[in-house]
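Below is one structure, written out as structure tokens, with a few remarks after it.
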Amino acid sequence: MGKSFTFRAQPALDLRRREHDARRRSLVTAEFELAVERRRFDEACDTLCSARDNLGRQMEDRHASLELTWHRDWITRLEQSRSAHASAVAEKEARVAAATAECVVARQRLESLERLKDKARRSWDDAERAREQREFDALATMRYEIAGREPAMRSTP
């Protein structure tokens, strides 16, 4: 057997693998941050709904005018908080979309080099099989020639 297969672009392939891994990690991080922000938004919505329910109950009590003002201000702050969380969710969704696109591009670049390596490996394997076949053919030819000479050598004294 001859020398072993070496892919000359292996350092580039390794670099693309690391790049793809980094893009996948950033995508997972972005997805996690999005999930956290959505949970915060949902909590803000739930808090706002319960605050509005409390305001409705407070409005039934005619002697709680100071508390009504406080509840209205609190609801206003909760609405602002919910809006801030909604914009944060939109920002995180955009980051996830960008990270997904980057991950797809990195995967395509990696797969193109992997296909190139596979093609080079198949070509090398074919060349190695052809070399081995030539060696076997040469050996068979030598055996045939030797076998053809032996009867001629036996017949001559």
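We did not get these values from a lab; they are worked out from the coordinates using the rules stated. In this text the structure is predicted, and so the values were computed from the model without any measurement. Here the Cβ positions follow ideal geometry from the backbone for every residue, glycine too, while neighbour counts run over all protein chains shown.
Key figures for this structure:
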| item | result |
| --- | --- |
| Test: residue in region 46-57 that is in a helix (DSSP H, G or I), under 37 Å from the mean Cα position of the chain (by Cα) and free of Cβ contacts under 8 Å to residues at least 40 places away in the same chain | yes |
| Residues that are hydroxyl-bearing (Ser, Thr, Tyr), surrounded by 12 or more Cβ atoms within 10 Å (Cβ to Cβ) and more than 10 Å from the chain's Cα centre (by Cα), drawn from region 5-30 | THR29 |
| Pairs, first surrounded by 10 or more Cβ atoms within 10 Å (Cβ to Cβ) in region 117-146, second part of a helix (DSSP H, G or I), C-beta under 7 Å, six or more apart | LYS117/LEU13 |
| LYS92 in a helix (DSSP H, G or I) and more than 15 Å from HIS20 (Cβ to Cβ) | yes |
| Among (1) of a type outside the set (Val, Ile, Thr); (2) touching a residue at least 40 places away in the same chain (Cβ under 8 Å); (3) under 30 Å from PHE136 (Cα atoms), the one test that LYS3 misses | (2) |
| Residue in region 31-45 that is more than 18 Å from the chain's Cα centre (by Cα) and part of a loop (DSSP other than H, G, I, E, B) present | no |
